[in-house]
Amino acid sequence: MGLANLVRPGTDEALARVAAKSNIPYALSTAASTRMERIIELAPSHTWFQLYVGRDPLITDDLVRRAKDAGISTLLVTVDIPAPGKRVRDLTNGLTVPLRPSLKGVIDLALHPRWLLQAIGGGTPRFESLEQYSPAGGGPMAHATYVAQHLSSGQLDWDTINRIRGLWPHHMVIKGILHPEDARRALKAGVNGIVVSNHGGRQLDAAPASIEVLPSIREAVGQHVSILLDSGIRSGDDIVRALAAGADFVLIGRPFLYGVAALGIEQGPGRAIQIFLDEMRNTLVHLGCRTVGDLDGSHLWQSPDGPVHQSRAVGGAHHLQK
Ligand SMILES: Cc1cc2nc3c(=O)[nH]c(=O)nc-3n(C[C@H](O)[C@H](O)[C@H](O)COP(=O)(O)O)c2cc1C
């Protein structure tokens, strides 16, 4: 996630360290506050690089080259931000480029002095992987404006995906797919995996929930393609539901930031992982499964007008868990 260090200074590094220790991948954003070359030092075998395709193809291609030179194993290409979405809450809160400070914002800062002191101590978070492309001499706001413009290309097409595929010799995963036809086209472009994601509902307001479209995407691509799902995984049983509905993996974003916000960079990320694991184990026990490998569609019950629930208990008796 971009600018995670706004939550607390050092968040990117803490997440990378805990990911390596827990043997799970950490996807560093193009818009992260920490340079990719630094993160790979902390998690050499667990760092993925999330690529935003920007306005200038030379910068996009150079980011791909740097990721390759740094030894990153997996490129995660996000395709659901051809331009920033209209985020009404950000507009209301003045979280825009440039920032629009408001009385409400000043009061909010005054009510969180510990956070404020930490943030001041950490310095203004920048987009470090993009810093070298920014015109020299600008301050943090000039840099943020430059990045916002670069990322608002308004253009993203399959030729671009094919070009990036040609530059990247390792695993490439495409993030932000919600339609079976796009999933098929991604496979034709030679990707190794698909992230079914609506960007956490932060882009197109009318986009469907990823869990709703997951079964149709699984059907479109078959059983031998890795499907990852994100947007709304908040508990271990959400993970179990996603796996039973056809995902091979999930990606988790905001809960890690919540962990860092609540418990700090040392305790927060590990505690978040522990909560997810405990809840997953508990849900599996309730479903009568030994491992996630035992999960399949028969563990789901789909209400005609409601969300996806777990349904199977020990012995196959169908009873509603949630
Ligand atoms: C603060 C914030 C920053 C994000 N930055 C990025 C980003 O730089 N690149 C990206 O592909 N997705 C980004 N996302 C989207 C997340 O990767 C993820 O798709 C989304 O938050 C849904 O997952 P979640 O519900 O577990 O948070 C961001 C989300 C948030 C909340």
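The amide H of Trp301, built 1.01 Å from its N in the peptide plane, has His309, Gln310, Ser311 as neighbours under 5 Å, considering only residues 5 or more places off or on other chains.
The alpha carbons of segment 31-116 give a radius of gyration and a Dmax of 17.5, 46 Å, in that order. The accessible surface of segment 1-135, taken with every protein chain in place and a 1.4 Å probe, is 61 percent carbon and sulfur.
Under 5 Å between amide hydrogens, built in the peptide plane, is the criterion, and for Thr30 it picks out Gln50, Tyr52 among residues at least 5 positions away or on other chains.
Relative contact order, whole percent, for the chain stands at 15, derived from Cα pairs under 8 Å and 6 or more residues apart.
On the principal axes of its alpha carbon atoms, segment 1-158 extends 45, 38, 31 Å, with the longest extent given first. Phi angles of segment 113-128 translate, via the Karplus equation with coefficients 6.51, -1.76, 1.60 and θ = phi - 60°, into HN-Hα couplings of x, 5, 4, 4, 5, 4, 5, 5, x, x, x, 5, x, 10, 9, 5 Hz per residue; Gly and Pro are given as x.
In terms of the mean number of neighbouring beta-carbon atoms within 10 Å, the peptides 136-146, 244-254 order highest first as 244-254, 136-146.
Once the gyration tensor of the Cα atoms in segment 172-271 is diagonalised, the equivalent ellipsoid follows with semi-axes of 26, 14, 13 Å, ordered largest first. From Cα pairs below 8 angstrom and at least 6 apart in sequence, can you work out the relative contact order of segment 1-126, rounded to a whole percent? Reported relative contact order: 25 percent. With a cut-off of 12 Å between beta carbons, the residues surrounding Asn162 carry a summed charge of +2, where Lys and Arg count +1 and Asp and Glu -1.
Note on the chain: semi-axes of the ellipsoid equivalent to its C-alpha gyration tensor, largest first and rounded to whole Å, are 33, 25, 19.
Evaluate the Kirkwood expression for the hydrodynamic radius of segment 81-157, namely the inverse of the mean inverse distance over all pairs of different C-alpha atoms, and round to one decimal in Å.
14.5 Å
For Val53, neighbours were defined as the other residues whose beta-carbon sits under 14 Å from its Cβ, and their charges (Lys and Arg +1, Asp and Glu -1) total -2.
Label separation (Asp296 vs Arg114): 5.0 nm, computed from points 7 Å beyond Cα along the C-beta direction.
For the peptides 185-194, 278-287, the ranking by mean Cβ contacts within 10 Å, running from highest to lowest, is 185-194, 278-287.
Length gained on full extension, Asn282 to Glu37, computed as 0.36 nm times the residue gap minus the Cα-Cα distance: 84.4 nm.
Heavy-atom accessible area with a 1.4 Å probe sorts Ser303, Ser102, largest first, into Ser102, Ser303. Full extension of the chain between Ser152 and Asp56 gives 33.5 nm of extra length, using 0.36 nm per residue less the Cα-Cα distance.
Packing-based ranking of 214-227, 169-182 yields 169-182, 214-227, ordered from highest to lowest mean Cβ neighbour count within 10 Å. Remark: segment 180-196, residue by residue, has Karplus-estimated 3J(HN,Hα) of x, 5, 5, 5, 5, 5, 4, 5, 4, 6, x, 6, 9, x, 10, 9, 7 Hz, where x stands for each Gly or Pro and the curve is 6.51 cos²θ - 1.76 cosθ + 1.60 at θ = phi - 60°. Summarised as an ellipsoid, segment 127-237 has semi-axes of 30, 19, 13 Å, derived from the eigenvalues of the Cα gyration tensor scaled by 5 and square-rooted, with the largest first. Other residues within the sphere of radius under 13 Å centred on the Cβ of Met280, judged by their own Cβ, net out at -1 (K and R +1, D and E -1). What residues have an amide H closer than 5 Å to that of Val250, excluding those fewer than 5 places away on the same chain, when H is modeled at 1.01 Å from N in the peptide plane? Hits under the 5 Å cutoff: Leu229. Coupling constants for segment 50-63 follow from the phi torsions by the Karplus curve (6.51 cos²θ - 1.76 cosθ + 1.60, θ = phi - 60°), and in residue order they are 8, 9, 8, 7, x, 5, 9, x, 5, 6, 4, 5, 5, 4 Hz; glycine and proline get x.
The values are calculated or read from the model by the stated rules, or taken from the named source; none is laboratory data. All values reported here derive from a predicted model rather than from experimental measurement. Note that each Cβ is placed from the backbone with ideal geometry, even for glycine, and that neighbours are counted across all protein chains shown. Remember, those area values only see protein heavy atoms, side chains included, never the ligands or the DNA or RNA. Shrake-Rupley method; radii C 1.70, N 1.55, O 1.52, S 1.80 Å.
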